[in-house]
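Here's the structure we're looking at; comments come further down.
The values are calculated or read from the model by the stated rules, or taken from the named source; none is laboratory data. These figures come from a predicted structure and were not determined experimentally. Every residue, glycine among them, receives a Cβ derived from its backbone with ideal geometry; neighbour counts consider all protein chains shown. The accessibility values were calculated without ligands, DNA or RNA, using every heavy atom of the protein model including side chains. Shrake-Rupley method; radii C 1.70, N 1.55, O 1.52, S 1.80 Å.
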Number of protein chains: 2
Amino acid sequence: MNLKDNHLLNVADRAKDLLEREGLDALIASSAENVYYLSGQPSVFMYTFRMSEAAFAVVFRDPGRNSILIMSEFEASGLPEVIPGFDIVTYPQWIDLDDPFGMRKDLFTGERPDAPRPDAALAALAETLPASGLTAGAVVAAELGGMRGGTRALLAERLPLLRWAEAAPLFTALRARKTGFEIAQLRESCAISEEALSAAVQDIAAGVTAAELAAAFRIAATRRCFGFSERFATISVGPQFAPASVYSPHRAAPGDIIKFDVGADVQGYGADIARTFALGEPGDAAKRAYAALRPGHDRMLELVGPGVPMAAVFAEGMQVIRRSGLPDYNRGHLGHSIGLALATEEAPFFSAADTTVLEPNMVVCIETPYYGYGVGSVMIEDMLLITENGNERLNKLTRDLVVL
Amino acid sequence: MNLKDNHLLNVADRAKDLLEREGLDALIASSAENVYYLSGQPSVFMYTFRMSEAAFAVVFRDPGRNSILIMSEFEASGLPEVIPGFDIVTYPQWIDLDDPFGMRKDLFTGERPDAPRPDAALAALAETLPASGLTAGAVVAAELGGMRGGTRALLAERLPLLRWAEAAPLFTALRARKTGFEIAQLRESCAISEEALSAAVQDIAAGVTAAELAAAFRIAATRRCFGFSERFATISVGPQFAPASVYSPHRAAPGDIIKFDVGADVQGYGADIARTFALGEPGDAAKRAYAALRPGHDRMLELVGPGVPMAAVFAEGMQVIRRSGLPDYNRGHLGHSIGLALATEEAPFFSAADTTVLEPNMVVCIETPYYGYGVGSVMIEDMLLITENGNERLNKLTRDLVVL
């Protein structure tokens, strides 16, 4: 069995176990990431065109019952003929499909909607679920808080006999522990992100802008890999540290600090790494920030391992940073789980409130970002795989503040 | 006054007029596109990190009342000091901001949340609105169907004295008519998309994959412009026409048709254009499809102009295509408005059901896509600006099926 099939089997098994343990009957995924996580099939309407709930994946507690993938007929035309353990249900879109050679037995010939219908996939879900062995009163976990208000209202209206629970904590628990397939994607994403970052660093010179460095990163990453999305390239040059859709026109000048916080997408999985550079000798405020962050960061890298509470890592990191020169450092978390999330950061977090204890096969980021008015951004971020005995650092680049 | 300030003034004026006409007291934007549309300020947390409702923009019917932009403190650090006609309200995130040189009077020093809170911006909105002159019973239009279920529920809970209306039709009406700023962005996006498409076409040769052509398009587009998002590059090589997050491994072979349906992002505005190529002589099915689509497409290009109902253009295009060789062509629409939508296509549509009559300053796409099992995709798509007397074609590339 290949790595991906093994991954999907593992996800399905753990999902069914979790449903059993929580007394739930089914788990419905409605976000781009979770539909892909359960089914192995990404929806381009969700990833690229950002249409909410254009596909659903449903896993049942019943070990003998196939899972269901609901996807538009147009997208489904690209699916493998068989997805092990899944039944595929399609719904028509506004897009005509022709079959001049009579290759399909199931060609849709009815009336098509005139335009995208935001509830088309949900209508297919509502028609499909009652035939899936869910009886009145069955409790179904769905992404209630994350789905659109319209979808949430229609779910209740169209399936009035089901009871609903929030699925977010279940997906957090499932996704935090990675399979071999997932670790392979994250490892490659980290390597590509470091390569592309290093390629962009070659362009650092007086006069360069953040937009130019971000373009250099994107071009280098795209040369290596074509992912599901562009992920992110949050690059600052000089004092302006705000994340930007329209980059600051500031051109690099001597003494500027230059921060890369970037990630490339590999099969839907994305790295989140950061390194900081200076164009000539940086100012005292940037040096003081780096001198405080670095020992805290390094201390956390040492601490991370199986059995360690994430809150303990946070507490130690904050303490070291505060006593090393940033007494008022006031950040909510110093790292997070990493995987499929298009928002990049995902739960659990290295924060005071998180009760998660690290386990083998979790992949996490440790980050120590500093943003100072009149200074800019100083940041280190590393990806770590939790192993049986400690951690494996996925990053290879130096954590030093590199003066160019 | 510059083009963008003029645009924002025009949008605010038209929004206030529309609220007056509809008897509504305020309009709340909560999607990435509409927050940017009303305020001129894009949220990177929404565009890049896809966090829903991380920012809000509110316009009031009262002509004397400033609009409100709610944005996280971290993002807001990059805003201009003054946004004409707007008050800025910020909320704290998990991200620490330092002020070593005492540059800010408003530095947040309270307790930060430990991680992203999906309702942080909404909490700020709920605290701000009651002081904005909205009295009990005021009717507020918000993107109810599009916002997350959690946000919709909290809105009702936190602001129980307001009444709510769906804002989607208002935004459709406002956004369909473009300002000079918007037309300039769309014109540039179309030009960059054609340039990048032409650059990628240079790579068409036996053995090339869709992923390689998509990467070539993206790299060429990124060289010309750094937009808010990557928009899309839906490219098919040979018979596999499904849109893909993971591209088909198929390598181009003689007779394959190759379709580019692409758009680059310029300041949040995105083109949507398509052209088709063949690697050597294409098969009969592809030739027949092109021969049917082309006259229908060209007829629609002639018809489009002010005062013309979009449904009439659709009816005529379908009739010509069906009688030119594709009698069963069954598509829901043959084009759409184009602008900010990350989903690319936006209302109104060239469809049987749409009642919109074209007006000057609308920018629309005319498209005639064919997807055939065993054939692949044949497609032409053009962008048109509606003028006082007819239309201006923004595309310069030939609409011919180019045999390479």
*Charges only on Cβ, +1 for Lys and Arg, -1 for Asp and Glu: so what's the dipole of the protein assembly as shown about the Cα centre, in debye to the nearest 20?*
340
*Work out which helices of chain B, taken as complete DSSP H runs, extend at least 24 Å along their axis over the Cα atoms and score a mean Kyte-Doolittle of -1.0 or more, then list them.*
B:3-22, B:180-201, B:284-303
_Centroid-to-centroid separation of the range A:116-136 and the range A:145-178 [C-alpha atoms, Å]_ = 13
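With all protein chains present, how much of the accessible area of the range B:3-175 (probe radius 1.4 Å) comes from carbon and sulfur, to the nearest whole percent?
Details: 3620 of 7130 Å².
Answer for the range B:3-175 is 51 percent, counting heavy atoms of protein chains only.
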*In the range B:134-152, which residues give up 50 Å² or more of accessible area once the other protein chains are added, compared with their chain alone (1.4 Å probe)?*
B:Gly149
*Which shape class applies to the range A:355-404: rounded if a/c is under 1.5, otherwise prolate when a/b exceeds b/c and oblate if not, where a ≥ b ≥ c are the square roots of the Cα gyration tensor eigenvalues?*
oblate
*Under 28 Å from the Cα of B:Lys105 - lysines, other chains or at least 8 residues apart*: A:Lys259, A:Lys287
*Under 10 Å, Cβ to Cβ, from B:Ser67 - net charge with Lys/Arg +1 and Asp/Glu -1*: +1
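Report, in debye and to the nearest 20, how large the dipole of the range B:3-175 comes out about its Cα centre when Lys and Arg carry +1 and Asp and Glu carry -1 on their Cβ.
Numbers: 16 positive and 24 negative charges, 91 e Å.
Result for the range B:3-175 is approximately 440 debye, rounded to the nearest 20.
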*Starting from the Cα of A:Lys178, draw a straight line to each of the lysines and keep only those under 19 Å, dropping any in the same chain fewer than 8 residues away.*
A:Lys4, A:Lys16
*Which of B:Ala26, A:Asn391, B:His336 sits farthest toward the positive end of the charge dipole of the protein assembly as shown, with +1 on the Cβ of Lys and Arg and -1 on the Cβ of Asp and Glu?*
A:Asn391
_Surrounding net charge for A:Lys105, when Lys and Arg each add one and Asp and Glu each subtract one, Cβ distance under 14 Å_ = -3
*How much of the accessible area of the range A:180-403, in percent, comes from carbon and sulfur atoms when a 1.4 Å probe is used?*
51
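Determine the shape class of the protein assembly as shown: with a ≥ b ≥ c the square roots of the Cα gyration tensor eigenvalues, call it rounded for a/c under 1.5, and otherwise prolate if a/b is greater than b/c, oblate otherwise. Could the numbers behind the result be given before it?
Working: a/c = 1.39, a/b = 1.27, b/c = 1.09.
Rounded, since a/c falls under 1.5.
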_Per residue value of the accessible surface for the range B:180-403 (all protein chains in place, 1.4 Å probe), Å²_ = 31
*Could you run the Karplus curve 6.51 cos²θ - 1.76 cosθ + 1.60 with θ = phi - 60° over the range B:395-404 and give me ³J(HN,Hα) per residue in whole Hz, x for Gly and Pro?*
7, 10, 5, 4, 8, 5, 6, 8, 8, 9
*Under a 5 Å amide H to amide H cut-off, with H placed in plane at 1.01 Å, what residues pair with A:Tyr91 once short-range neighbours are removed?*
A:Met71, A:Ser72, A:Glu73
*Going through the range B:26-129, which trypsin sites (Lys or Arg not before Pro) have at most 11 other Cβ atoms within 10 Å and a DSSP loop state?*
B:Lys105
*If you roll a 1.4 Å probe over the heavy atoms of the protein chains, what accessible area per residue do you get for the range A:22-126, in Å²?*
37
*Along the charge dipole of chain B, which of B:Thr368, B:Ala15, B:Phe171 sits closest to the positive end, that is, farthest toward it, with unit charges on the beta carbon of Lys, Arg, Asp and Glu (+1, +1, -1, -1)?*
B:Thr368
*Give the distance, in whole Å, between the Cα centre of the range A:343-383 and the Cα centre of the range B:299-345.*
49
*Put simply, what bits of the range B:106-125 lose 20 Å² or more of accessible area when the other protein chains are there, versus the chain on its own (1.4 Å probe)?*
B:Arg112, B:Asp114, B:Ala115, B:Pro116
_Average beta carbon contacts from partner chains per residue of A:258-267, 10 Å cutoff_ = 0
*Where the only charges are on Cβ atoms (+1 Lys, Arg; -1 Asp, Glu), what is the dipole of the range B:247-404 about its Cα centre, to the nearest 20 debye?*
540
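Looking at the square roots a ≥ b ≥ c of the eigenvalues of the Cα gyration tensor of the range B:317-404, which shape do they give, rounded for a/c under 1.5, prolate if a/b is larger than b/c, or oblate? Please report the intermediate quantities before stating the final value.
On the way: a/c = 1.73, a/b = 1.41, b/c = 1.23.
Note, shape of the range B:317-404 comes out prolate.
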*Step through the residues of the range A:204-209 one at a time and calculate ³J(HN,Hα) from phi using the Karplus curve (6.51 cos²θ - 1.76 cosθ + 1.60, θ = phi - 60°), rounding each to whole Hz and writing x for Gly and Pro.*
5, 6, 3, x, 6, 9
*Of A:Leu69, A:Tyr47, A:Thr135, whose Cα points farthest to the positive end of the dipole of the range A:3-176 (charges on the beta-carbon: +1 Lys, Arg; -1 Asp, Glu; origin at the Cα centre)?*
A:Thr135
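How many square angstrom of accessible surface are buried between B and A, both sides summed, with a 1.4 Å probe and rounding to 100? Numbers along the way, then the final one.
Working: alone 18030 and 18020 Å², together 29080 Å².
Chain pair B/A: roughly 7000 Å² of buried accessible area.
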*Placing a label point 7 Å from Cα toward Cβ, how far apart in nm is B:Pro309 from its equivalents in the other copies, listed shortest first to one decimal?*
6.9
*Which residues of the range B:350-379 end up with at least 50 Å² less accessible area in the presence of all protein chains than when their chain stands alone, using a 1.4 Å probe?*
B:Tyr371, B:Tyr373
*Mean separation of Cα pairs under 8 Å and 6+ residues apart, divided by the residue count of the range B:44-138: what relative contact order is that in percent?*
26
*chain A - share of DSSP beta bridges that are antiparallel (%, nearest 5)*: 75
*Taking H as built 1.01 Å from N, whose amide H comes closer than 5 Å to the amide H of B:Leu394, not counting residues under 5 places away?*
B:Met383, B:Leu384, B:Leu385
*Separation of the range A:231-265 and the range B:54-106 by C-alpha centroid, Å?*
20
*What residues have an amide H closer than 5 Å to that of A:Gly270, excluding those fewer than 5 places away on the same chain, when H is modeled at 1.01 Å from N in the peptide plane?*
A:Gly339
*Once phi is turned into ³J(HN,Hα) by the Karplus curve 6.51 cos²θ - 1.76 cosθ + 1.60 with θ = phi - 60°, what whole-Hz value does each residue of the range B:238-253 show in order, with x for glycine and proline?*
x, x, 7, 9, 4, x, 9, 8, 10, 6, 4, x, 3, 9, 4, 10
*Sum up the charges of everything whose Cβ sits under 12 Å from the Cβ of B:Met318, counting Lys and Arg as +1 and Asp and Glu as -1, but leave B:Met318 out.*
+1
*Relative contact order, percent, chain B [alpha-carbon distance under 8 Å, six or more residues apart]*: 13
_DSSP-loop trypsin sites (Lys or Arg not before Pro) across the range A:311-404, with at most 11 other Cβ within 10 angstrom_ = A:Lys396
